[in-house]
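To keep things clear, I will list the structure first and then write my remarks on it.
The values are calculated or read from the model by the stated rules, or taken from the named source; none is laboratory data. The structure displayed is predicted, hence computed values, not measured ones. Note that we place each Cβ from the backbone using ideal geometry, even for glycine, and neighbour counts take in every protein chain shown.
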Amino acid sequence: MSNMLTRRQFLKEVGLVGAGVALTPMAAAGMSVDAMNALADDESPTTRLERPSWAKPSDKPTTEIDWKAMQRYDERNTCRGGLVKYIGTEKQAEWTKIQSESLAKWLKEGKSGYTLKDVALQAASGVGSATQSFLGPEKVTAPKDRGVPTWTGTPEEANEIVTAALRHLGAATVGVVELDTNTTEKLIYSFDPDGKELVFADVDQPAEEEKRRIIPRKARWAIVYTVQMSEETLKRAPTILGAQTTNLTYTRNRNIQLRLQTFLRSLGYMALGEASTNALGISPALGVVAGLGEMSRIQRLITPEYGPMVRVFKLLTDLPMAATKPINAGIMRFCSACMKCAESCPTKALSFDREPTWQTKGGWNNPGHKAYFEDSTKCREGWARSGTNCGVCFAVCPYAGKDRALIHQFVKATASATPVMNEFFKTMHDVTFGPAKPDYSPVKDPEKWWDLDLPEYGINTMQGRKNG
Amino acid sequence: MLWLILGVVIGVGALWLASWARAKNVKINWLAWVLIAIAVISALSGIQNFVELMGEYEERAAWMMIPMYGLQAVVPAALAALLVWRGQKKVKA
């Protein structure tokens, strides 16, 4: 038999190559096979959020939880508001002095990322937001005021309209946790950052009292959502330019929260939000249970879509919704092999343990789950010495990428399927993106950010989407 | 547009290769075609990753893709050429 191809065979081969070439950019855009199929399906729901195919729904989170050991946590025990009780007033004053003196010196020197224009951008990013509150806006036109009944639908329909509304208002991904007294309710703080106790009660309406916030037991659903952060600015962490990333995201969320509260109240349901930054509940934990992502070595949520480049927010409602499932995308397992964040941390605050543990490092950790517990006081020292809220661990994470290049999807899909390549992927990440440098130097040059051509808010709102 | 141009270039290239082989009576066996296909796919992957990593402002990683995928493209292409050349030598002998 001849080795030569016939003309017909040859044309067939050429056709296959052409089809491959045509499909390549679709795959490059991060489209799953499901998404590609949906292109030909006019009836595919437009509000359903497409997740990467390698982020598989799971009955259990990848973080082991001992619900019996877990108790509702007092937010004032975190290092956000409770640092002084762990390090004492003397050290706190010393760190504050180091921070303010360094910032003043670097501003005068014009240090990259700490210049006047960076400071100006930070100032701008922190203004222009609504006031956060537990109960939401004072006046909302309820359905009865419009002469119509309260909106009703199936829990799944409720998920769809809330997701559509939240996406329209600026959120990235949305999940739902149904509160259960013996389990998920323990993820709601016992005390808010301002010292008010969060009390579940058999009452009809929520209330804001002098020392308490009353949550009616019928508000059983926690809507958990992410808001994207600009990867390009956070990759300039730890500088003022990097630090303003979170300012802007919190500012955006204050408006999103107020609007979500208005939306739900306009439908005829209660909407109990965060009274201040990081109030109401443990964001990463709720995000994990809602399936928005997995826990990680940085002790924050890492999402399949945006890596750690999100902030997580939550709100309670009595609108019956369908709980979303946790996911397993191999992220937590990848953290076992990859220690890039821990290697890059200037104060060695993150765990170098190979496996997560039940053993907490201090009162700032919430017991009852297996994690890579961090030394939060060391983290705060890094904040003081960098003069910012650091964020190096977010910047160096291999999951913090834009996913335009095929290689990202290939690595993530493989890591989701098997851990055998994880060590190799970490090594290759060091080779291609640069090794860890625990010296407070940003991953990318802050000065160059000002020359980039970036989308609005510095975020890609089309990532993982198919229609615009 | 890049992918359209590349598709046309590959299509024309494949047609030229096939007609050149026929005109010169050069035999390209199935293994050589497989190796050529691997080389083309590797080269396309390299181009995709290079272009998109540049778009992600990850210049260092983008340039790293050139040797990584370049090697994956050049080795099978060279093997295919070797196969064809050895096949020709046999025919002439």
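Structure notes:
- A:K437 free of Cβ contacts under 8 Å to residues at least 60 places away in the same chain, over 22 Å from the mean Cα position of the chain (by Cα) and either within 14 Å of another protein chain (Cβ to nearest Cβ) or more than 27 Å from A:R333 (Cα to Cα) (or both): no
- Residue in segment A:339-356 that is touching a residue at least 60 places away in the same chain (Cβ under 8 Å) and more than 20 Å from A:D375 (Cβ to Cβ) present: no
- Count of segment A:174-200 residues, restricted to those that are within 21 Å of A:N253 (Cβ to Cβ) and among the hydroxyl-bearing types (S, T, Y), is 1.
- First in segment A:407-428 and touching a residue at least 60 places away in the same chain (Cβ under 8 Å), second anywhere and buried (at least 17 other Cβ atoms within 10 Å of the Cβ) and among the polar types (S, T, N, Q), Cβ under 8 Å, 6 or more apart: A:A415/A:N422; A:S416/A:N328; A:F425/A:T414
- Single match in A:K444, A:K466 (criterion: surrounded by 15 or more Cβ atoms within 10 Å (Cβ to Cβ) and modelled with pLDDT of 95 or more): A:K444
- Residue satisfying condition, being modelled with pLDDT under 90 and more than 10 Å from chain A (Cβ to nearest Cβ), within set B:K27, B:K90: B:K90
- Any hit, segment A:154-167, residues being under 21 Å from A:Y225 (Cβ atoms) and in a loop (DSSP other than H, G, I, E, B): yes
- Within the option set A:A201, A:A219, being touching a Leu at 6+ places or on another chain (Cβ under 6 Å) and either exposed (fewer than 14 other Cβ atoms within 10 Å of the Cβ) or closer than 23 Å to A:I282 by Cβ (or both) holds for one residue only, A:A219.
- Checking each residue in segment A:47-91 for being in a loop (DSSP other than H, G, I, E, B), farther than 23 Å from A:P356 by Cβ and more than 21 Å from the chain's Cα centre (by Cα) picks out only A:L83.
- Only listed residue being assigned to a helix (DSSP H, G or I), more than 24 Å from B:L83 (Cα to Cα), more than 10 Å from chain A (Cβ to nearest Cβ) and out of contact with any Ser or Thr (no Cβ under 6 Å at 6 or more places or on another chain), chosen from B:I66, B:I38: B:I66
- One residue stands out among those in segment A:440-459 that are in contact (Cβ under 8 Å) with a residue 24 or more places away in the chain and in a helix (DSSP H, G or I): the one that is nearest to the other protein chains (Cβ to nearest Cβ), which is A:W449.
- Cβ-Cβ under 6 Å pairs, at least 6 apart or on other chains, segment A:212-224 side touching a residue at least 12 places away in the same chain (Cβ under 8 Å) and farther than 21 Å from A:D194 by Cβ, far side of a type in the set (G, A, S) and in a strand (DSSP E or B): A:V224/A:G175
- Reported count of residues in segment A:69-93, each being without any contact (Cβ under 8 Å) to a residue 12 or more places away in the chain and surrounded by fewer than 14 Cβ atoms within 10 Å (Cβ to Cβ), is 5.
- Residues that are aliphatic (A, V, I, L, M) and surrounded by fewer than 12 Cβ atoms within 10 Å (Cβ to Cβ) within segment B:4-28 comprise B:L4, B:I5, B:V9, B:V12, B:A23, listed in sequence order.
- When segment A:403-439 is filtered for residues that are farther than 17 Å from A:E343 by Cα, out of contact with any Leu (no Cβ under 9 Å at 6 or more places or on another chain) and part of a loop (DSSP other than H, G, I, E, B), the ones remaining, listed by number, are A:D403, A:T418, A:P419, A:V420, A:M421.
- Neighbours by Cβ (under 7 Å, 6+ apart or cross-chain): first from segment B:49-71, β-branched (V, I, T); second part of a helix (DSSP H, G or I): B:V51/B:L2; B:I66/B:G46; B:I66/B:F50
- All of A:K378, A:K426, A:K402 fail the test of being farther than 30 Å from A:L107 by Cβ, away from chain B (no Cβ under 14 Å) and not acidic (D, E), apart from A:K426.
- Taking the numbered list (1) in contact (Cβ under 8 Å) with a residue 60 or more places away in the chain; (2) surrounded by 12 or more Cβ atoms within 10 Å (Cβ to Cβ); (3) assigned to a helix (DSSP H, G or I) in turn, A:F134 passes all entries but (3).
- Residue in segment B:42-62 that is aliphatic (A, V, I, L, M), loosely packed, with under 14 Cβ neighbours inside 10 Å, more than 9 Å from every other protein chain (Cβ to nearest Cβ) and out of contact with any Asp or Glu (no Cβ under 7 Å at 6 or more places or on another chain) present: no
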